[in-house]
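Just so it is clear, none of the values below were taken in a lab; they were calculated from the coordinates. Every value quoted in this text rests on a predicted model; they were computed, and no experiment measured them. Here Cβ is always computed from backbone atoms with ideal geometry, including for glycine, and neighbour counts include all displayed protein chains.
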Amino acid sequence: MDPLTPDLNDSRTLRLVWPQWQGAGRGNVAELLPEVPLAQARRGYAVGARVLQAILPEHVGPTEIVPVDMSDPDEGSTNGVESRATVLDSLTAAQQALTRHEFDRILTLGGECSVSVAPFAALADKYREDLAVIWVDSHPDVGTPSSDYDGYHAMALSVLLGHGDQQIIDTLPATLSAERVALAGLHAWTEDDHPNIADWGLTTFTPDDLRSTSESLLIWLASTGATKVAVHFDVDAVDSDEVVLGLGKEPGGLTLEQVHRVITDISTAADVVGLTIAEFIPRDVLVIQGLLEGMPLIPKT
């Protein structure tokens, strides 16, 4: 079947490059990326966003690069969110970038998982009940200020559903309805956040549910009645036994082929108006970046 989604390379597809990195907790980065100096590792998501921007084909639509503070943020946690002031500033900058354009679709290149917050809220405001969201991720990202982990990237879906830090939620033009949100590839989470999935009424699909066919996910999508869909793709949904693309290693996920098939199948069932690629950590690039630091003729970062 031919995809229902028109060619994304058109003038009303906005490409949003958002190299936000502050949403990942400092301690989490230090634990999961010990081979890279911490100051450099923490900014790995920003490097990942630039790599994605470099390797994708040029497109005819507009591109917005969200300015992100690369200095050291306040390490304190406010209302359960580490570096909250910086996170809010970045969210405001992304929302301002979105308002400069009339768009039908948004391709977002991140950055950690919270880069879906602004574009998905904007799409929810535009399409309302006609929008479903599929969150392709090993983790549910349903943390709240009361969670043990205070990294904002683990709260991205919560905020979009209207749960968590109310000041952040109040900046959004719209939030999502849980009955039109599904988690695909879910198989890893922190125990204190897991009850939120059932309490909020989210639908979930494990990797095993999707290994041989996307049919169950497509049946759910049809049941929402939505004709448009936004897809969040956290690259750690890919089985780390095949390749490590994200910050942490998550074995048992979907294969590269399965992820590609699932997202392609979604495009046969609904009009894909949003796609986020998030959490890419290019380890080899970070290593050579560190190697070249301070060499003659190379400016310091």
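Take every Cα pair under 8 Å in segment 18-124 that's 6+ residues apart, average their separations, divide by the length, and report that relative contact order as a whole percent.
40
Give, in nm to one decimal, the length gained when the segment between Asp89 and His59 is fully stretched (0.36 nm per residue of separation minus the Cα-Cα distance).
Here the segment from Asp89 to His59 would lengthen by 8.0 nm.
I want to verify the translational diffusion coefficient of segment 38-180 in µm²/s; compute it with Stokes-Einstein, Rh as the Kirkwood radius over Cα pairs, at 4 °C and 1.567 mPa s.
81
Could you tell me which GluC sites (Glu not before Pro) in segment 68-103 are loop residues by DSSP with no more than 14 other beta carbons within 10 angstrom of their beta carbon?
Those that pass, being in a loop and sparsely packed, are Glu75, Glu102.
Under 17 Å between alpha carbons, and skipping anything fewer than 8 positions from Lys126 in its own chain: which lysines qualify?
Output for Lys126: Lys228.
So for the chain, taking the charge dipole from beta-carbon charges (+1 Lys/Arg, -1 Asp/Glu), which of Ala188, Thr13, Thr213 sits furthest toward the positive end?
So the residue we want is Thr13.
Out of the trypsin sites (Lys or Arg not before Pro) in segment 93-135, which ones are loop residues according to DSSP with at most 15 other C-beta atoms within 10 Å? The partial results should precede the final answer.
Details: sites: Arg100, Arg105, Lys126, Arg128; in loops: Arg100.
Counting only loop positions with at most 15 other Cβ atoms within 10 Å, the trypsin sites (Lys or Arg not before Pro) in segment 93-135 are Arg100.
Give me, ordered by chain and number, the residues 5 or more places off Thr78 or on other chains with an amide H under 5 Å from its own placed amide H.
The answer is Ser83, Arg84.
Quick one, can you get me the convex hull of the C-alpha atoms of segment 13-292 expressed as volume per residue in Å³?
120
Taking every DSSP beta bridge with both residues inside the chain, roughly what % is antiparallel (nearest 5)? Numbers along the way, then the final one.
Details: 2 of 36 bridges.
So the antiparallel bridges in the chain amount to around 5 percent.
If you take every DSSP beta bridge fully contained in segment 76-227, what fraction is antiparallel? Give it as a percent rounded to 5.
Just about 20 percent of them are antiparallel.
Can you tell me the relative contact order of the chain? Whole percent, Cα pairs under 8 Å, sequence separation 6 or more.
The normalised contact order for the chain reaches 23 percent.
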